[in-house]
Amino acid sequence: MTETLAAIDAPTLPQTRHLATSIPGPRSAALHEQRVQQVSSGFGMTLPVFVNRADGGIIEDVDGNRLIDFASGIAVTSLGAANRRVAERVAKQLEDFTHTCFMVTEYESLTQVCGWLNQHTPGDFEKRTALFSTGAEAVENAVKIARAATGRANVLVFDEAYHGRSLLTMGMTAKVNPYKLNFGPMPEHIVRAASANPLRPAAGAATVEAVLASVEQTLVEHGPQSFAAMVIEPIQGEGGFVVPMAGFIPGLRKLADKHGIVLVIDEIQTGMGRTGKLFASEHEGVAGDLILTAKALANGVPLSAVTGRKELMNAPHAGGLGGTYAGNPLACEAALAVFEQFEDGALLENAQLIERVAREILEPLVRQTSVVAEVRGRGAMLAIEFADAGSLAPRPDVAAAVSKACHGAGVLTLTCGTHGNVLRLLPPLVIGEELLRDGLGVLAQQIRSAAS
């Protein structure tokens, strides 16, 4: 392979995996005990390691271990967890002011972020943008906007969907444990339809035509005229990094147009170059009426956005949208630094190359083992689903064992999926190829060990 990942900014932290102690080390273990005494146990935890520094594709813990980052803060720190251009712009803003609330007094950086999103999100129609702080806020405000514009109440969501942890977005999310368990009752006016999972199609819906017919039947059963919005992830994230059957997203676009429903494309995890294009919906050739961004939008500084058709975005009354921290100036400066780094195309090329390297190393495991059912995804948003050969019975035990073994070897991985049987890979787009190959080699070795 002659291609190499492009250097964006040379990292200051050594880009090599290094184990100074066991994982977690003694200092992390002591700090974790303090966490147990001080932090709500309702917060989940993937790996009890406390971070000292991070840069490029490496996280260095307080014990001096250097772990390969295949998580990116769950697709947040796509440009590395210590991106210097982001830090420089935020630091300069800190010298001027930290916050004023845009609904009280205005600042130019928010308008500039909105302008960039209006220009770069899919769709050749006139757009407007509203900024918020979290992905869940973006989802909820998209529903508010769609309801204000249409005068309708119902929201169509899909099997295996994940949209957030607030009350409304919990209701929109498919997975019960841990997201909805013990938190009911859920909001009304949320209707769920079949998704287009190629590996695990819904009953009687083995083709994209059958899935779309099922979706339309769901609309008919509840009255198409009652739906304000249908909300879809172009690649379902927490549901297992499910890339839908070809034609599914375009088919939803046609159904939305047919019934006057606002098509909301949730790009909170898939956006900002993660899949090798700025937005994953570009792979489908589809523009949503509203598109949602967050996570990597400001590379770790809390910021989210709803961008869409002018007539929809302007439907709510003045004062109907907003939030005290919505579009905070520090976050806006961080986003502008992110935008600058996408200008030359190197980050998108890196995402595409990450996929090629990962498939080269991981796809042979499908035929070499009896527990890897599929390697899937796009760009630097990839997943391995573990299931028994033939029956496709989910193997969450294998996913958990492989992830734990990777952690012990200094590679940070995450699991996901409706059945908890999927290991997901979200390396930063700035990771070096040598480091990437090292981490993938560890992963492949642990999968072979678990399958033997």
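Just so it is clear, none of the values below were taken in a lab; they were calculated from the coordinates. None of the values given here were measured: they were computed from a predicted structure. Here the Cβ is made from the backbone with ideal geometry for all residues, glycine too, and neighbour counts use every protein chain on show.
At-a-glance table
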item: Two-site FRET efficiency, residue 19 against residue 176, from Cβ-Cβ distance with R₀ of 30 Å, rounded to 0.05; result: 0.20
item: Over 30 Å between alpha carbons, listed pairs 180/404; 127/254; 175/295; 180/277; result: 180/277
item: Listed residues 449, 131, 203: farthest to the positive end of the dipole of the chain (Cβ charges); result: 203
item: Separation of alpha-carbon centers, region 171-223 and region 383-413, rounded to whole Å; result: 26 Å
item: Value at 222 nm in deg cm²/dmol, rounded to 500, when DSSP H runs of n ≥ 4 in the chain each add -39,500 (n - 2.57); result: -11000 deg cm²/dmol
item: Fully extended contour minus Cα-Cα distance, from residue 39 to residue 96, at 0.36 nm per residue; result: 17.2 nm
item: Net charge dipole size for the chain [Lys, Arg +1 and Asp, Glu -1 on Cβ; Debye, nearest 20]; result: 780 debye
item: Lys, Arg +1 and Asp, Glu -1 on Cβ, resulting dipole of region 100-327 about Cα centre, debye, nearest 20; result: 180 debye
item: D (Stokes-Einstein, µm²/s), Kirkwood Cα radius, region 100-327, 1.002 mPa s at 20 °C; result: 122 µm²/s
item: Rel. contact order, % - alpha carbon contacts under 8 angstrom, at least six apart, the chain; result: 23 percent
item: Kyte-Doolittle mean at least -1.0, axial Cα span of 15 Å or more - DSSP H helices of the chain; result: 108-120, 135-150, 208-222, 248-259, 329-341, 346-362, 396-408, 433-451
item: Low-density loop cleavage sites - chymotrypsin sites (Phe, Trp or Tyr not before Pro) in region 101-179, where at most 14 other Cβ are within 10 Å (DSSP); result: 125
item: Computed label-point distance, nm, for sites residue 126 and residue 29 using a 7 Å Cα→Cβ extension; result: 6.4 nm
item: Radius of gyration and Dmax over the Cα atoms of region 199-281, both given in Å; result: 13.3, 38
item: Cleavage-rule hits (GluC sites (Glu not before Pro)) in region 292-365: DSSP loop, at most 13 neighbouring Cβ within 10 angstrom; result: 343
item: Contour excess over end-to-end distance, with Cα ends at residue 368 and residue 167 and 0.36 nm allotted per residue; result: 68.0 nm
item: Percent antiparallel among DSSP beta bridges (both partners in the chain, rounded to 5); result: 65 percent
item: Percentage relative contact order, region 178-263, counting C-alpha pairs under 8 Å, at least six apart; result: 29 percent
item: Under 5 Å, built H, 5+ apart or other chain: amide partners of residue 55; result: 60, 81
item: Net charge contributed by nearby residues that have their C-beta within less than 11 Å of residue 196 (K/R +1, D/E -1); result: -2
item: Span per principal axis, largest first, for the Cα atoms of the chain (Å); result: 61, 60, 50
item: Estimated FRET transfer efficiency when R0 is 25 angstrom, pair residue 311-residue 222 (beta carbons, to 0.05); result: 0.50
item: Anchor residue 144: lysines whose Cα lies under 16 Å away (excluding residues fewer than 8 positions away in-chain); result: 310
item: Percent RCO, i.e. relative contact order, over region 1-117, from Cα pairs under 8 Å lying at least 6 residues apart; result: 22 percent
item: Cα centroid separation - region 81-125 against region 10-59, whole Å; result: 30 Å
item: Extension gain, residue 183 back to residue 108 (0.36 nm per residue minus Cα-Cα distance, nm); result: 23.0 nm
